[in-house]
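Asks: Can you keep this structure in mind? I'll have questions shortly.
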Amino acid sequence: MENVMGVCFIAQDITVQKSVMDKFTRIEGEYRSIVQNPNPLIPPIFGTDEFGLCSEWNTAMTKLSGWNREDVICKMLIGEVFGTHVACCRLKSEEAFVNLGVVLNNVVTGQDSEKIPFGFFSRSGKYVECLLSVSKKLDGEGVVKGVFCFLQLASHELQQALYIQRLSERTAMKRSRVLAYVAKEIRNPLSGIIFTQKMMEGTHVDDEQKSLLQTGLNCQRQINKILDDTDFDSIMEGYLDLEMVEFELHDVLIASISQVMMKSISKGVMIVDDLAPNLSTETFYGDSLRLQQVLATFLLVSVNATLSGGQLGLAATLTKDSLGETVQLGHLEFRITHSGGGIAQELLNQMFGEVAEVSEDGINLFISRKLEGRFFKLSPSARIPFELRLKQTHFSEGVRTASGGSTAKMELNFAADSPPLHAIAAAKIAGVSLVTNPTLDAGSPPTLVLASGQRLHGALVVLRYIGRIGSLPDFYGRDAYQSSQIDEWLEYAPIFGSGSEFEGACSFVDEYLLQNTFLVGNSLSIADVAVWVGLAGAGLRWESLRKSKKYQNLVRWFNSISAEYDAVLSEFVATYLGRRGSTKAATSKSKEPQSSSSRSTAVENGATETAGSKAFEVDLPHAEVGKVKLRFAPEPSGYLHIGHSKAALLNQYFADRYKGQVIVRFDDTNPDKESNEFVDNLLKDIETLGIKYSAVTYTSDYFPQLMEMAEKLIKEGKAYVDDTPREKMQHERMEGIESRCRSNSVEENLKLWKEMIAGSERGLMCCVRGKLDMQDPNKSLRDPVYYRCNLTPHHRIGAKYKVYPTYDFCCPFVDAVEGITHALRSSEYHDRNDQYYRIQKDMGLRKVHIYEFSRLNMVYTLLSKRKLLWFVQNGKVEGWDDPRFPTVQGIVRRGLKIEALIQFILEQGCIKEPQSYGMDKLWAINKKIIDPVCPRHTAVIEEKRALLILTDGPKDPFVRILAKHKKYEGAGEKAATYSNRLWIDYADAESISVNEEVTLKDWGNAIVKEIKKDENGVVTQLEGVLHLEGNVKKTKLKLTWLPDTSELVRLTLVNFDYLITKKKLEEDEDFIDVVNPSTRTETSALGESDMRNLKRGDVIQLERKGYYRCDAPFIRPTKPIVLFAIPDGKQQTVAK
């Protein structure tokens, strides 16, 4: 012990962290040894990282695809590696591309994935079929870092099965073509037979022969009906339209029995008609041909099942229920009895759809049962022998009543978010009594329950049925042709619900109504009702057009229907359309919107100034070339305006600069403000800007995952449910006072969360708040709201949800889930950046970098969608595409070229300090773009215009061909007429002196010899002589002129001003107080005859007057061409 000098301690780290790290390192090594092993037993494997870039591509995958690892690594897996066009491994279709993206996204978000069929074309062009399974790739902390994809190649047996399946598909297609051929070719001889019988009817035949001819005709009509049955879905789903006619049961029975007589004679089967004599002569109202078809099918099957030499009996009973004094509902029950063992059980199973493989008789029985179940009822229990019960929809004593309707009430069931408005309106107009019941689930088709208990499904089916039974004459057409015309209009009517096609539809119907009082025939029909409802449902958009003089025929027709049925339609509008529609007459002016089809590309990046603009180059922090993914995420609560355009174009700029991608995501979390109209027009505007997006997504696509995340945070104590009133909650957040609900237990929070999901009375009082930090100086971190209740149906998914996430909650989540690397936000959200990162951290998601830019502010211009909506709703403008609006459609309609907008925004660069710009700078850029190329035309203001008579001018007018633009041949040429009588502007006339030499543009000089004025001193006429040898450079006045001919066209020149009179609003200032009372002025003018060729959207220059865009081209002499004045950056307005 004397030699001991000290003690040495040796320790081994056996902490949990060390154990886990060792395990992870070991697993990672094992993974690499497996994935990169060239052993042929290792399947093809590829994978992605968290950004969607290909991070793995093993030897088996190289062998299978023909693409080496270095060819695909660090490329976007979806789009560059696997895609439909320019990609390494080309997929067969867009559907396969979308399916692959969905599977990968589901796995990244934690959902399980099953094996799915997958296929692609290898480098050699060979199509590879396999099964794909996907697994998520986790790091040491359990965070998803990408996915692994394993391919299982099809075995020989599977390939053989797929081959047989393809052969079966080809055989089915071939049979389908054969059937189509037979169906078409059989009509020709059938038509010949019908014609022959018609000719025979004109000859001398006795009553018995006439009866036989009628039976043959009924059978031929049945054949035609069957040949027209191309829509089997309508039969299977039970919404087949019926042909409701009057008929005698005797005729149906004779035609049905005749179809089985050849079979019964060959078997020696006697058919006994046990129907009561009076029943055969009853008059029914229903689809006789369908009844005939069903009866014949069941009779034939019964004859086949009857023993040779046996007997088959047909009996029927009839019971009646009164529906008023003259109309009755008939319950008709047929009973077929026959000798023998009855129908084979297997055939009955086929009839009821209980077996997969069916015989010809089985499919006939199955279809007949479906037909019978459509408007009859078949008892499944009565099988051997079976009983057939057929219930006709209507039964009348003798002749059908004049009304043709039923006094019994029917029940119309529908989803609350999608009522069949045209059917309801038609019922009110036609006096059909309906009980409406909005209780069906969202997305369910409307169902009409008849008094008999029978049901009709589908909005158009219900509408047609009402058309057939309504009290109005010819409500569904006078004959088959008119009914078909009505069907065409019913298919066309939904176009009025499409925001982008609304005005085109109005124009089409307006032109049609120029020579027609109603859409079909000479009386109101359900076609008129469907179109009327489509217009009324468009709300303020239609109301603004209705006030104008643009669609006079359409307005006349609409007002006529509104006035005639005012009592019922006013109630209908108040109940179902609310503020959207009106039936009252209106006046004022409106113009048709039209967006330019211009497309453009972004300005070249660079570090130096270029002619007319300053290019810029900005770096995106933490960005790597090829890995950048951005999103442009507008809320579909309005149209795209120039403020949004800056965000969209900057996203596109960085995507191009870093060879990345940008997606469009609609932040559709507030159903009170959003609609499909806004979605359609935002996409239209995004394409107008030239944004090349790779995908379109919706926040609503992630509602299930967002709800799961909210519940997860509640369980982890990172969120709670609060029922504090809104005003008190706002006060507590401002003062840093914790809510009394903040300390609720997890169980209590989950209980209230379920109340919110259910939309109960208790739940509506609550919201979900994040438990962040109520004392943080940054007030956005003081327990922000994550979820709130809203019972308004969503424009995409209806009334499925009663709770909706806030922007603060869903944005960090969806950005991370969609693989966004950088979120571009305007600097007004700066205080919310810490909140964004904190929420992502609480969710356990990867960090998304935020990049700020300054908000675009324009003087004398409102960019708030809420404020712009006020102008729309209060009729101050025509709509979101009004030329006075800063929306993309508005400024394009006014005459702005998208190239000018892009240049204007990119010139600003990515400064972060707030800046305000004048619209005059934007229009000045626009002028530089349009001036070098736009055609030149001449116009004279109509008011007080003066006549200049050239005493030595040409008495016979002559024509010269002039260039529309002296420096640009592409503008084309025009014909100019020269005469001795010329119109000039009054402003020019009053500035001319006697004996003054002036220049007539494109002609030469002239000397004014005499000026005539009226008693008020107003110049009315001038006389002069030509002096063509004069020097045009020495004259003071250069006059634009027009010949005094009947070829001139009428013009309306429209000038616009700013919507507000103040340069910049203060934060607490009400914009309504500074609304400009006069923002539109119209001036009548005359234009040269060549202007008849202008098209909507054409940009021109009226010489000495300015630039204009054609908004309404020439239609007829009495209707002027409408030209919108395009600012040139120097315009004088009230704002100036």
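The values are calculated or read from the model by the stated rules, or taken from the named source; none is laboratory data. Source: prediction; values computed, not measured. Cβ coordinates were reconstructed from backbone atoms using ideal geometry, including for glycine residues, and neighbour counts include every protein chain displayed. Note: accessible area is taken over every heavy atom of the protein model, side chains too, but ligands, DNA and RNA are not part of it. Shrake-Rupley method; radii C 1.70, N 1.55, O 1.52, S 1.80 Å.
Asks: Scan region 997-1013 and give yes if some residue there is acidic (Asp, Glu) and closer than 29 Å to Tyr1108 by Cα, otherwise no.
Replies: yes
Asks: Still on this structure: Give the residue, chosen from Ala946, Ala976, that is among the hydrophobic types (A, V, I, L, M, F, W, C) and under 50 Å from the mean Cα position of the chain (by Cα).
Replies: Of the residues listed, the single one that is among the hydrophobic types (A, V, I, L, M, F, W, C) and under 50 Å from the mean Cα position of the chain (by Cα) is Ala976.
Asks: Further question: Evaluate the following for Pro621: is it under 22 Å from Leu845 (Cβ atoms), out of contact with any Cys (no Cβ under 8 Å at 6 or more places or on another chain) and either in a helix (DSSP H, G or I) or β-branched (Val, Ile, Thr) (or both)?
Replies: no
Asks: A further question follows. Could you please find all residues in region 931-949 being open to solvent by 40 Å² or more (accessible area, probe 1.4 Å), β-branched (Val, Ile, Thr) and out of contact with any Lys or Arg (no Cβ under 9 Å at 6 or more places or on another chain)?
Replies: Val933
Asks: Select from region 821-852 the residues that are open to solvent by less than 10 Å² (accessible area, probe 1.4 Å), assigned to a helix (DSSP H, G or I) and without any contact (Cβ under 8 Å) to a residue 60 or more places away in the chain and list them in ascending order.
Replies: Tyr836, Gln840
Asks: Now for a different question. Please verify whether region 791-803 includes one or more residues that are open to solvent by 30 Å² or more (accessible area, probe 1.4 Å), among the hydrophobic types (A, V, I, L, M, F, W, C) and in contact (Cβ under 8 Å) with a residue 60 or more places away in the chain.
Replies: yes
Asks: Looking at Asp952 and the list (1) assigned to a loop (DSSP other than H, G, I, E, B); (2) crowded, with 18+ Cβ neighbours inside 10 Å, which single condition is not satisfied?
Replies: Among (1) assigned to a loop (DSSP other than H, G, I, E, B); (2) crowded, with 18+ Cβ neighbours inside 10 Å, the lone unmet condition for Asp952 is (2).
Asks: Hey, which of the helices (runs of 4 or more DSSP H) in region 519-616, taking only ones fully inside, have at least 3 residues that are open to solvent by less than 30 Å² (accessible area, probe 1.4 Å) and at pLDDT 75 or above?
Replies: 526-536, 540-547, 552-564
Asks: Right, something else. Quick test for you: out of Ala710, Ala647, Ala655, pick the one residue that is free of Cβ contacts under 8 Å to residues at least 40 places away in the same chain, small (Gly, Ala, Ser) and out of contact with any Lys or Arg (no Cβ under 6 Å at 6 or more places or on another chain).
Replies: After ruling out the rest, the residue left standing is Ala655.
Asks: If you go through region 708-760, how many residues are open to solvent by less than 80 Å² (accessible area, probe 1.4 Å) and either in contact with a Ser or Thr (Cβ under 8 Å, 6 or more places away or on another chain) or in a strand (DSSP E or B) (or both)?
Replies: Matching residues across region 708-760 total 9.
Asks: It is to be established whether one or more residues within region 1005-1012 are of a type in the set (S, T, N, Q), part of a loop (DSSP other than H, G, I, E, B), surrounded by 13 or more Cβ atoms within 10 Å (Cβ to Cβ) and out of contact with any Cys (no Cβ under 8 Å at 6 or more places or on another chain).
Replies: No, that holds for no residue.
Asks: Which condition number does Ala426 fail, the rest of (1) modelled with pLDDT under 90; (2) more than 26 Å from Lys800 (Cα to Cα) being met?
Replies: (1)
Asks: For residues that are part of a loop (DSSP other than H, G, I, E, B) and of a type in the set (Val, Ile, Thr), scanning just region 761-808, find the one that is nearest to the chain's Cα centre (by Cα).
Replies: Ile797
Asks: Could you please tell me which pairs satisfy a Cβ distance under 7 Å, a separation of 6+ or placement on different chains, a first residue in region 979-994 that is farther than 16 Å from Asn1005 by Cβ, and a second residue that is part of a loop (DSSP other than H, G, I, E, B) and hydroxyl-bearing (Ser, Thr, Tyr)?
Replies: Between residues of region 979-994 that are farther than 16 Å from Asn1005 by Cβ and residues that are part of a loop (DSSP other than H, G, I, E, B) and hydroxyl-bearing (Ser, Thr, Tyr), the close pairs are Ser979/Thr1045.
Asks: Check Leu513 against each of (1) in contact with a Lys or Arg (Cβ under 9 Å, 6 or more places away or on another chain); (2) among the hydrophobic types (A, V, I, L, M, F, W, C); (3) farther than 19 Å from Lys1119 by Cα and name the one condition it does not meet.
Replies: For Leu513, the failing item is (3).
Asks: Within the bounds of region 773-784, is there any residue that is touching a strand residue (DSSP E or B) at 6+ places or on another chain (Cβ under 8 Å) and free of Cβ contacts under 8 Å to residues at least 40 places away in the same chain?
Replies: Among the residues of region 773-784, not one is touching a strand residue (DSSP E or B) at 6+ places or on another chain (Cβ under 8 Å) and free of Cβ contacts under 8 Å to residues at least 40 places away in the same chain, which makes the answer no.
Asks: Right, here's the next one. Taking the criterion of being hydrophobic (A, V, I, L, M, F, W, C), more than 50 Å from the chain's Cα centre (by Cα) and assigned to a strand (DSSP E or B), would at least one residue in region 931-943 satisfy it?
Replies: Taking every residue of region 931-943 in turn, none turns out to be hydrophobic (A, V, I, L, M, F, W, C), more than 50 Å from the chain's Cα centre (by Cα) and assigned to a strand (DSSP E or B).
Asks: Another question, then. Please list, ordered by first then second residue, the pairs with beta carbon atoms under 6 Å, 6 or more apart or interchain, first in region 338-359 and modelled with pLDDT under 65, second assigned to a helix (DSSP H, G or I) and open to solvent by less than 30 Å² (accessible area, probe 1.4 Å).
Replies: Pairs that qualify, where the first residue is modelled with pLDDT under 65 and the partner is assigned to a helix (DSSP H, G or I) and open to solvent by less than 30 Å² (accessible area, probe 1.4 Å): there are none.
Asks: Against the condition in contact with a Phe, Trp or Tyr (Cβ under 8 Å, 6 or more places away or on another chain), among the charged types (D, E, K, R) and under 16 Å from Pro805 (Cα atoms), how does Asp668 come out, does it pass?
Replies: yes
Asks: I'm trying to understand the selection: among the residues of region 119-147, which are in contact with a helix residue (DSSP H, G or I) (Cβ under 9 Å, 6 or more places away or on another chain), polar (S, T, N, Q) and open to solvent by 40 Å² or more (accessible area, probe 1.4 Å)?
Replies: Ser135
Asks: Looking only at region 452-483, which residues are closer than 17 Å to Asn522 by Cβ and of a type in the set (Ser, Thr, Tyr)?
Replies: Result: Tyr476, Tyr481, Ser483.
Asks: Out of Arg855, Arg893, report the one residue that is in contact (Cβ under 8 Å) with a residue 60 or more places away in the chain, of a type outside the set (A, V, I, L, M) and open to solvent by 20 Å² or more (accessible area, probe 1.4 Å).
Replies: Within the list Arg855, Arg893, the selection yields Arg855.
Asks: Which of the residues spanning region 688-701 are touching a residue at least 24 places away in the same chain (Cβ under 8 Å) and either surrounded by fewer than 21 Cβ atoms within 10 Å (Cβ to Cβ) or outside any helix (DSSP H, G or I) (or both)?
Replies: Scanning region 688-701 gives Leu689, Gly690, Ile691, Lys692, Tyr693, Ser694, Ala695, Val696, Thr697, Tyr698.
Asks: Of everything in region 922-964, what is more than 27 Å from Glu1082 (Cβ to Cβ) and of a type outside the set (A, V, I, L, M)? Give them in sequence order.
Replies: Lys928, Pro932, Thr951, Asp952, Gly953, Pro954, Lys955, Asp956, Pro957, Phe958, Arg960
Asks: What's the number of the only condition in (1) assigned to a loop (DSSP other than H, G, I, E, B); (2) open to solvent by less than 10 Å² (accessible area, probe 1.4 Å); (3) of a type in the set (Gly, Ala, Ser) that Gly875 fails to meet?
Replies: Of everything listed in (1) assigned to a loop (DSSP other than H, G, I, E, B); (2) open to solvent by less than 10 Å² (accessible area, probe 1.4 Å); (3) of a type in the set (Gly, Ala, Ser), Gly875 misses just condition (2).
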